[in-house]
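Structure provided below as structure tokens; questions to follow.
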């Protein structure tokens, strides 16, 4: 529980720092609204011409969008800022300050930054989910809710591991400052259910940059189309990627030469 | 005689800027490839979405068959590659770090170097963009049936589309002289652009009112117009009206960019003192 306290401490520092800039909240709200407008506009023009998209009804796609915003918000508040600072630290050699602290460096690197106002995305996503589930005429039982929670958790862990792996590459490729952009670009494709994509693209989005587990799989859980195989795959991928990212991190650390040497 | 000399003078300058930009950008080629990925993913995703819809509706939607959607989106991918800019993200950085002061010392308008840098990026990344387009064409089997005059007119509309977009985007970049909130401003611009330029869906698929609005906004003329032209979906009259619209918006963009630039420079100089 020492690590939980550490996490809460960094969280508090981040929140206190951002609370000073309350204008940023309104600006962020506007930006979230615009991204929402883009997503909803896309859905609107599609559903002007069809009743369902590859078997997904409008409310179900709304739920998918909700998950997309929730995970996207969590990425932008916690994962991305920390990973960006981590990559910057490698470039400037200031990772030393993190490595010399008496706690696990991977944990510290992952929780060091928290951009509070990006939480509007999470709020909007939750609202979208609520609206979508309301329209789906209450077909969400306790089992489905549990599966939704599980897939959301494993999806989140998969996303975190992929970000860590991408960021760890900067131990070698210091000049590729936008390597994190790869994820957000592929994540754009996760706004639509992965099942409509041709097999090769589906494979890419499931096994190479596994955004499918971040949005489509939890959405499948909450709309009642999740099967046991996918659930198992999601859990398995989460476990495998957590281990792989940890090993890769430890390996990459050996190549780090700090500014102090 | 003097005019010819001036043109040659500018060509020399552009060649210099172009070659330096090529050399600088080549060092960041991996980063450039990552940016390119975004340019490929967006049309690809919408292409899959719309071909899914078309397949469900019996093979066609809103006057587009599966192959015509493929032609539209692969065309849009290439045209967007030719006309897009990122200049509005750059100026905030340049002004904040004072890098812009060095640019101001040069006896030439900063827009020229920006154009050269833009073109250098596109020339470099064409090496990846073209094979990607060919690969997508092989997978999705696009259909395009341009008339012979459309084929001849297309390069003209492409160049005009580039300048339509560039001058307006450059004017937007000038906002950095007044505010640091450029992220929100740029995002607002892009959300509007993505819809009205026909990147979310071909403009024919939108309601009548939206299509009429798209006619008076500049965005259609930056992307959807050249794409529809090369697909053979326009009549000669529509094509000529489109070229006229492009020329009008280039005029507006030029005037706007100059006005905003001069106002911005005055403000910038005020801080320097």
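The values are calculated or read from the model by the stated rules, or taken from the named source; none is laboratory data. In this text the structure is predicted, and so the values were computed from the model without any measurement. Cβ placement follows ideal geometry from the backbone for every residue including glycine, while neighbour counts extend to all protein chains displayed.
Among the residues of region A:194-207, count how many are in a helix (DSSP H, G or I), free of Cβ contacts under 8 Å to residues at least 60 places away in the same chain and facing another protein chain (nearest Cβ under 9 Å).
Taking region A:194-207 and keeping what is in a helix (DSSP H, G or I), we get A:194-196, A:199-207.
This time we only want the ones that are free of Cβ contacts under 8 Å to residues at least 60 places away in the same chain, so: A:194, A:199-207.
Narrowing the set further to residues that are facing another protein chain (nearest Cβ under 9 Å) leaves A:200-201.
Number satisfying all stated conditions: 2.
Another question about this same structure. Is it true that residue A:75 is in a helix (DSSP H, G or I) and over 19 Å from the mean Cα position of the chain (by Cα)? Write out each step before concluding.
On the way: in a helix (DSSP H, G or I): yes; over 19 Å from the mean Cα position of the chain (by Cα): no.
No; evaluated as a whole, the condition is false for this residue.
What residue, of B:103, B:52, B:65, is free of Cβ contacts under 8 Å to residues at least 40 places away in the same chain, closer than 27 Å to residue A:56 by Cβ and either surrounded by fewer than 17 Cβ atoms within 10 Å (Cβ to Cβ) or over 19 Å from the mean Cα position of the chain (by Cα) (or both)? Reasoning before the result, please.
On the way: B:103 fails: closer than 27 Å to residue A:56 by Cβ; B:65 fails: free of Cβ contacts under 8 Å to residues at least 40 places away in the same chain.
The unique qualifying residue is B:52.
Any residue in region A:18-40 that is more than 10 Å from chain B (Cβ to nearest Cβ) and surrounded by fewer than 16 Cβ atoms within 10 Å (Cβ to Cβ) sitting within a Cβ distance under 8 Å of a residue that is part of a helix (DSSP H, G or I) and at pLDDT 95 or above? List the pairs, counting only those 6 or more apart or interchain.
A:40/A:65
How many residues, within region A:48-69, are at the interface with chain B (Cβ under 9 Å from one of its Cβ atoms) and within 20 Å of residue B:194 (Cβ to Cβ)?
Residues flagged as at the interface with chain B (Cβ under 9 Å from one of its Cβ atoms) and within 20 Å of residue B:194 (Cβ to Cβ) within region A:48-69 amount to 3.
Go over the candidates B:213, B:240 one by one and state the one that is over 14 Å from the mean Cα position of the chain (by Cα), away from chain A (no Cβ under 14 Å) and assigned to a helix (DSSP H, G or I). Quick ask: steps written out before the conclusion?
Details: B:213 fails: away from chain A (no Cβ under 14 Å).
Exactly one residue qualifies, and that residue is B:240.
Select, from B:24, B:30, the only residue that is facing another protein chain (nearest Cβ under 10 Å), in a helix (DSSP H, G or I), modelled with pLDDT under 95 and more than 23 Å from residue B:230 (Cβ to Cβ). Break it down stepwise before answering.
Values: B:24 fails: facing another protein chain (nearest Cβ under 10 Å).
One residue alone meets the criteria, B:30.
Let me ask you something else. Within the group B:160, B:119, B:126, which residue is farther than 23 Å from residue B:250 by Cα, in contact with a helix residue (DSSP H, G or I) (Cβ under 9 Å, 6 or more places away or on another chain) and assigned to a helix (DSSP H, G or I)? Walk me through it before giving the result.
Working: B:160 fails: farther than 23 Å from residue B:250 by Cα; B:119 fails: farther than 23 Å from residue B:250 by Cα.
Criteria check complete, one pass: B:126.
Go through region A:164-193 and report how many residues are in a helix (DSSP H, G or I) and more than 10 Å from every other protein chain (Cβ to nearest Cβ).
To start, the set of residues in region A:164-193 that are in a helix (DSSP H, G or I) comprises A:164-171, A:181-191.
Now restrict to residues that are more than 10 Å from every other protein chain (Cβ to nearest Cβ): A:164-171, A:183.
Of the residues in region A:164-193, 9 are in a helix (DSSP H, G or I) and more than 10 Å from every other protein chain (Cβ to nearest Cβ).
Could you tell me which of the residues B:73, B:46 is closer than 30 Å to residue B:181 by Cα and either crowded, with 20+ Cβ neighbours inside 10 Å or more than 25 Å from the chain's Cα centre (by Cα) (or both)? Before you say what the answer is, go through the steps one by one.
Numbers: B:73 fails: closer than 30 Å to residue B:181 by Cα.
Every option except B:46 fails the conditions.
Check A:15, A:45 and return the single one that is within 10 Å of chain B (Cβ to nearest Cβ), assigned to a helix (DSSP H, G or I) and over 14 Å from residue A:69 (Cβ atoms). So that I can check it myself, show each step before the final result.
Values: A:15 fails: within 10 Å of chain B (Cβ to nearest Cβ).
Answer to the check: A:45.
When you look at residue A:126, is it touching a helix residue (DSSP H, G or I) at 6+ places or on another chain (Cβ under 9 Å), over 24 Å from residue B:53 (Cβ atoms) and either in a loop (DSSP other than H, G, I, E, B) or within 10 Å of chain B (Cβ to nearest Cβ) (or both), yes or no?
Numbers: touching a helix residue (DSSP H, G or I) at 6+ places or on another chain (Cβ under 9 Å): yes; over 24 Å from residue B:53 (Cβ atoms): yes; either in a loop (DSSP other than H, G, I, E, B) or within 10 Å of chain B (Cβ to nearest Cβ) (or both): no.
No.
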